[in-house]
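Q: What follows is a single structure, and I will ask about it in a moment.
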Amino acid sequence: MLHIGNEHASVCSGVSRRSFLQVGAAGMAGMSLPAAMEREAAGAVDPSKAKIRNCITLFLVGSPGHLDTFDMKPEAPEDIRGKFKPIQTNVEGIDICEHFPRMARMMDKVALIRSLHHKTGASHENGQRWMMTGHDFNSNDLKPFLGSVISRVYGAKSSLPASMILPGKIGNTGTSTPHGQQSAYLGSAHEPFFLGGDPALTDFKVANLAPPAGQTEFRIDSRRKLLKQIDELQRRAETRTTKQRETAYSRAFNLLTSPETKQAFDLGNEADKLRDRYGRNTFGQSCLMARRLIERGTRFVNVNHFDTVFNISCWDMHADGGSLNNTYKDYEYLLCPQFDQAFTALVEDLETRGMLDDTVICVLSEFGRTPKINGRGGRDHYPSAWTNFLCGGNIKGGQVIGSTDKIGAAPHDNPILPPQVLASIYHAMGIDLETTMMPGPGSRPIRFIDAEPIRELF
Amino acid sequence: MDQKFEGTPKAELSLQGRKVTRSEVTNDWGSQLRWKVARNGKEVATASARVESTFESPEKEAGKYEVVLQMFKYVNYKKDKDGNYTESKFIDISNSVSYTI
């Protein structure tokens, strides 16, 4: 097994900075590239025809209450409509919560989907699996993460990984079932790369990607040459896969040594004013880093707004007086302002750089929250209705797709299921869902999402 | 991973008549930004300061008014039995300006 330095790290649900180097090694032990079909070689996917080249998802772990944010019901009884008031956006007829004033000014770019729902349980992990993969599944039948699918279909376009998750993977959100942030049967080469650090910290440095102490450039170069030779042997042995892009090993080396990598991770190169505009917090700086990564060749970035729901201020507003004691105050003072600032900064920044037309931004969450406020002043999990939204790329903004009933309890019209959202993202990125198959278990070609795109979005 | 915040936010206020203007906030944590209005040393109102950079208090009662810019400082999520934060709180991030009615 190849080691760079003396780090020993296993690869399970994700790849850390250090263990990324060993992803390739794990594959090398078997001496085989993925035996699946080469999509691009088969002509099923043409990246040049992709309507959207990049995708950023902002995942609001814990899930905001739809009635308190993007699907307000001011005419409903007090114990349903909640504390906050709606404000008019720049699109007539679309109101959102008063605590998103910046977003209200760019609603013409945003398509709200107000009739999302699913019926497979109210745990966070259920919702995460649906929204990260488009499937529900258990540990014995893992399905690939959205970013892994995009990585598998299009591959990397620079030395940076094709799919990244910032600032870290989702941890404990209640049950020990999968969250959906894994490559599953697509293999280790398509595992999302977890940043595993907090870009809001002043001591966050790209130096973390540097070789461990004692690993000289000479040793790195020697190993690179050795791996190149192995790659050559492998290519000769595998005629069907000679068009495969670079292996995980060379990607790992590239990641370690490329100046592009150092640039991408160094937020110090951004103007202070822009860093302020995103918000000097973990989420805001992660959104800024997402833009930098996309700009430098990463195709897909997911930013997790929180990695747990316990003992922190987050969207999981149970108001339980214990470890889940989030209330309206957390929404008003911290969460809504933080999201409003980072999300709108990201949209503005991409637009200023001429990147918004090439990048779809998706704001996703696990479920909604109960229409009736609980006895402690909070709201609990509610997968029967919620709102997520998309913008950028060729998404038609300034519209609401679907609606809920008078109390936000159930879809009233155009009910939308999670796989339709993922199918829409794939469709927007130029992936033909009819002809592009994934290598399923046992390399059996399978359709990777059982849904059609939401046509109104385009 | 709880949210981390970088630096200490700062802004400058200036006064023309009763109209207060704020500079941009440096080291902006991105949490709630508000005007705090006090009359004769006692808080009488707060108002959101996130979108607009100018503010004129609607308060008309006679007295000495002080206006300062505040931002919410998140330390942790802990609250007392009445739901008030025990450690997180709003802090002043600017100079205060004053006028008398």
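The values are calculated or read from the model by the stated rules, or taken from the named source; none is laboratory data. Because the structure is a prediction, the values reported are computed rather than measured. Backbone-built Cβ (ideal geometry, glycine too); neighbour counts: all protein chains shown. All accessible areas refer to the heavy atoms of the entire protein, side chains included, with ligands and DNA or RNA removed. Shrake-Rupley method; radii C 1.70, N 1.55, O 1.52, S 1.80 Å.
Q: Considering only protein heavy atoms, with the full assembly of protein chains and a 1.4 angstrom probe, order A:HIS135, A:HIS412 by accessible area, largest first. Kindly include the intermediate steps, with their values, before the conclusion.
A: Details: A:HIS135 30, A:HIS412 130 Å².
If we order A:HIS135, A:HIS412 from most to least accessible, we get A:HIS412, A:HIS135.
Q: Karplus couplings for the range A:262-271 from phi (6.51 cos²θ - 1.76 cosθ + 1.60, θ = phi - 60°), rounded to Hz, Gly and Pro as x?
A: 4, 4, 4, 8, 9, 5, x, 7, 8, 5
Q: Could I ask something else about it? Order A:SER139, A:SER183, B:SER23 by their accessible area, 1.4 angstrom probe, all chains in place, largest first.
A: Of A:SER139, A:SER183, B:SER23, the descending order of accessible area is A:SER139, B:SER23, A:SER183.
Q: Can you give the accessible area of B:GLU6, probe radius 1.4 Å, in Å² rounded to 10?
A: 20 Å²
Q: What is the set of long-range amide H partners of A:LEU116 at a cut-off below 5 Å, with H atoms built 1.01 Å from backbone N?
A: The list, which skips near neighbours in sequence, is A:TRP386, A:ASN388, A:ILE416.
Q: Run the 1.4 Å probe and let me know the accessible area of A:CYS362, rounded to the nearest 10 Å².
A: Taking all protein chains as shown, A:CYS362 has close to 0 Å².
Q: Identify which of B:THR26, B:THR86, B:THR46 has the largest mean-square fluctuation in a Gaussian network model of chain B, with springs joining Cα atoms closer than 10 Å.
A: Among B:THR26, B:THR86, B:THR46, the largest GNM mean-square fluctuation belongs to B:THR86.
Q: I would also like to ask the following. Considering the options B:ASN95, B:SER48, B:ASN84, tell which one lies farthest towards the positive end of the dipole of chain B, charges being +1 on Lys and Arg and -1 on Asp and Glu at the Cβ, about the Cα centre.
A: B:ASN84
Q: OK, next. For A:LYS273 and A:ARG444, what is the calculated FRET efficiency with R₀ set at 30 Å and r taken between the beta-carbons, to the nearest 0.05?
A: Numbers: r = 53 Å, r/R0 = 1.76.
It comes out at approximately 0.05.
Q: Can you work out the FRET efficiency for the pair A:LYS262 and A:GLU456, with r the C-beta to C-beta distance and R0 = 60 Å, to the nearest 0.05?
A: Details: r = 42 Å, r/R0 = 0.71.
The pair A:LYS262/A:GLU456 has a calculated efficiency of 0.90.
Q: I'd like the Karplus ³J(HN,Hα) series for the range A:338-345: coefficients 6.51, -1.76, 1.60, θ = phi - 60°, whole numbers in Hz, and an x wherever there's a Gly or Pro.
A: 5, 5, 4, 5, 5, 4, 5, 5
Q: Here is a follow-up. 7 Å from Cα along Cα→Cβ at both B:THR100 and A:ASP405: what's the point-to-point distance in nm?
A: 6.2 nm
Q: P(r) tail for the range B:13-100, what percent of Cα pairs lie past 14 Å?
A: Cα-Cα pairs in the range B:13-100 separated by more than 14 Å: 65 percent.
Q: Which cross-chain or sequence-distant (5 or more) residues have an amide H under 5 Å from the amide H of A:PHE448, H modelled 1.01 Å from N in plane?
A: The list, which skips near neighbours in sequence, is A:MET438.
Q: While we're here: Using a simple spin-label model with points 7 Å from Cα along the Cα→Cβ vector, what separation in nm is obtained for B:LYS10 and B:GLU59?
A: Rounded to a tenth, the inter-label distance reads 2.7 nm.
Q: Still on this model: Sort B:VAL67, A:VAL400 by accessible area with a 1.4 Å probe, largest first.
A: On the way: B:VAL67 0, A:VAL400 55 Å².
The residues order as A:VAL400, B:VAL67, largest area first.
Q: Tell me, what HN-Hα J-couplings in whole Hz come from the Karplus equation 6.51 cos²θ - 1.76 cosθ + 1.60 at θ = phi - 60° for each residue of the range B:43-53, using x for Gly and Pro?
A: 4, 10, 6, 9, 8, 4, 10, 5, 8, 9, 9
Q: Evaluate E = 1/(1 + (r/R0)^6) for A:ASN374 and A:LYS83, where r is the Cβ-Cβ distance and R0 equals 22 Å; express this FRET efficiency to the nearest 0.05. Write down the numbers at each step before the final one.
A: Working: r = 14 Å, r/R0 = 0.62.
Computed FRET efficiency for A:ASN374 and A:LYS83 comes out at 0.95.
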